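What follows is a short report on a single structure.
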Amino acid sequence: MDKLVSIITPCYNGEKYVHRFLDSILNQTYKSIELIFVNDGSTDKTEEIVLGYIPVFEKLGMKLIYRSQTNAGQAAALNEGLKWFTGEYLTWPDSDDYLVSTSIEKRVNFLESHPEYGFVRSNAWYVDFYTLQKIKRIAVLPRRYEIRLFEGFIKGIQYWACGCYLVRSSAFFDVNPGRCIEDSPVGQNVQMLLPLSYKYQCGYIDECLFYYVNTPNSHSRVKRTYLQAVERCNEYYRLLNSTCDKIEMANGEREKYTQWLKDYQLAARRTLALQYAQRDDFEMYEMIARKESSGHCFIPVRGIYYWQRGKNKLIVKLKELIKYVVR
């Protein structure tokens with residue numbers, strides 16, 4: 001008998017695309033699936049659409065569990081789903097994305113064949129919302145075969161895309177016995193994957209088994225003011241620190257990762273200041289970085305600011321030129 005795979009999917013106002021996601025689950029070559037769909041207070045026709053799929057799932061021997069709550073955000077919706085799942089494997093893709101038909105089968109087969117891994121990941125296609133044309137492939141080159149992802153997650157050089165991962169439930173319960181993550185507007189995948197990556201090895205399938213859609217105005221792509229971007233950045237690194245604090249590790253390791261996170265947050269704030277043309281903030285963060293670094297730089301901080309701004313504009317122009325030539 002095929003082992004059950006649980007898919008938890010939060011959704012808010014997804015009537016324009018949720019059918020695409022649901023169809024991709026129905027089209028899976030692996031049928032031992034329970035989908036726990038959590039409607040996070042949608043005000044459109046999401047509920048009507050999803051309920052209409054329940055008999056279709058049952059006809060194929062699959063289960064669709066529908067849960068509804070007042071709008072409380074993705075973390076709260078994911079927590080609701082975590083209460084109910086019963087599968088031996090777990091994944092939690094977003095409702096605006098969708099899966100390749102062999103996605104679940106290939107990942108289950110990998111974990112069944114490789115008991116030494118606690119979870120597995122694949123590549124994904126990043127696609128346009130309107131045309132569904134492939135924009136680029138999501139993969140970490142040349143680090144895609146790394147089996148220990150913890151430090152890569154901390155450094156921001158490994159990807160969090162949740163639909164790329166399939167996790168053994170036994171491994172998840174080992175690092176999260178309470179089936180709960182912290183309620184935050186950012187970092188659901190941080191809390192799900194970071195503890196796993198510290199204790200367990202991750203396998204890799206060098207195929208695109210998932211479509212990651214650049215949905216306009218989604219929570220990760222909405223346009224923000226500088227202050228909003230800074231608040232989001234600070235909350236993200238607070239959550240990283242909070243998640244690390246809950247992991248059992250030696251004091252020396254904890255001090256190392258705490259310092260890393262402090263350095264990366266400073267770099268992220270400096271990048272935001274540059275992106276939003278906040279020269280005073282950029283210069284302040286540059287001075288802090290120089291003070292904490294043992295190296296020396298004789299270029300004035302204002303010179304660094306204008307150099308970086310000019311370089312970024314040049315990169316944008318070059319990308320536009322490449323797109324024009326390709327067309």
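The values are calculated or read from the model by the stated rules, or taken from the named source; none is laboratory data. Just so you know, these numbers come straight off a predicted model, no measurement behind them. In this analysis, Cβ positions are derived from the backbone assuming ideal geometry, glycine residues included, and neighbour counts consider all displayed protein chains. Heads up: the accessible areas ignore ligands, DNA and RNA and are worked out on the full protein's heavy atoms, side chains in. Shrake-Rupley method; radii C 1.70, N 1.55, O 1.52, S 1.80 Å.
Looking across segment 13-50 at every residue that is in a helix (DSSP H, G or I) and among the hydroxyl-bearing types (Ser, Thr, Tyr), the one that is nearest to the chain's Cα centre (by Cα) is identified as 24. Which members of segment 119-134 meet the condition of being in contact (Cβ under 8 Å) with a residue 24 or more places away in the chain and closer than 19 Å to residue 103 by Cβ? 119, 120, 121, 122, 123, 124, 125, 126, 127, 132 - these are the residues of segment 119-134 that are in contact (Cβ under 8 Å) with a residue 24 or more places away in the chain and closer than 19 Å to residue 103 by Cβ.
Pairs linking a residue in segment 255-270 that is closer than 26 Å to residue 309 by Cα to a residue that is open to solvent by 30 Å² or more (accessible area, probe 1.4 Å) and of a type in the set (S, T, N, Q), with Cβ atoms under 7 Å and 6 or more positions apart or on different chains, are 261/241.
Can residue 239 be described as in contact (Cβ under 8 Å) with a residue 12 or more places away in the chain, under 22 Å from residue 181 (Cβ atoms) and either assigned to a helix (DSSP H, G or I) or touching a strand residue (DSSP E or B) at 6+ places or on another chain (Cβ under 9 Å) (or both)? Spell out how you get there, then give the answer.
Values: in contact (Cβ under 8 Å) with a residue 12 or more places away in the chain: yes; under 22 Å from residue 181 (Cβ atoms): yes; either assigned to a helix (DSSP H, G or I) or touching a strand residue (DSSP E or B) at 6+ places or on another chain (Cβ under 9 Å) (or both): yes.
Criteria met by residue 239.
When residue 67 is tested against (1) surrounded by fewer than 19 Cβ atoms within 10 Å (Cβ to Cβ); (2) in a loop (DSSP other than H, G, I, E, B), exactly one condition is not met: (2). The residues on offer are 15, 88, and the sole one that is farther than 19 Å from residue 169 by Cα and either without any contact (Cβ under 8 Å) to a residue 12 or more places away in the chain or not small (Gly, Ala, Ser) (or both) is 15. Screening segment 157-199 for residues that are open to solvent by less than 60 Å² (accessible area, probe 1.4 Å) and among the charged types (D, E, K, R) and picking the one that is nearest to residue 91 (Cα to Cα) gives 168. Somewhere in segment 110-119, is a residue loosely packed, with under 15 Cβ neighbours inside 10 Å, not in a helix (DSSP H, G or I) and not charged (D, E, K, R)? Yes - at least one qualifying residue is present in segment 110-119.
Would you pick out the residues in segment 1-38 that are of a type in the set (Lys, Arg) and under 17 Å from residue 54 (Cα atoms)? Hits for segment 1-38 are 20, 31.
Every residue, every condition in (1) at pLDDT 95 or above; (2) under 19 Å from residue 248 (Cα atoms), yes or no:
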| site | (1), (2) |
| --- | --- |
| 154 | no, yes |
| 157 | no, no |
| 165 | yes, no |
| 171 | yes, yes |
| 176 | yes, yes |
| 188 | no, no |
| 192 | yes, yes |
| 199 | yes, yes |
| 203 | yes, no |
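Just so you know, in segment 17-57 the residues that are under 17 Å from residue 100 (Cβ atoms) and among the basic types (Lys, Arg) include one that is surrounded by the most Cβ atoms within 10 Å (Cβ to Cβ), and it is 20. Pairing each residue of segment 210-223 that is closer than 19 Å to residue 71 by Cβ with any residue that is at pLDDT 65 or above, provided the two are 6+ apart or on different chains, yields C-beta distances under 6 Å for 215/96; 215/129.
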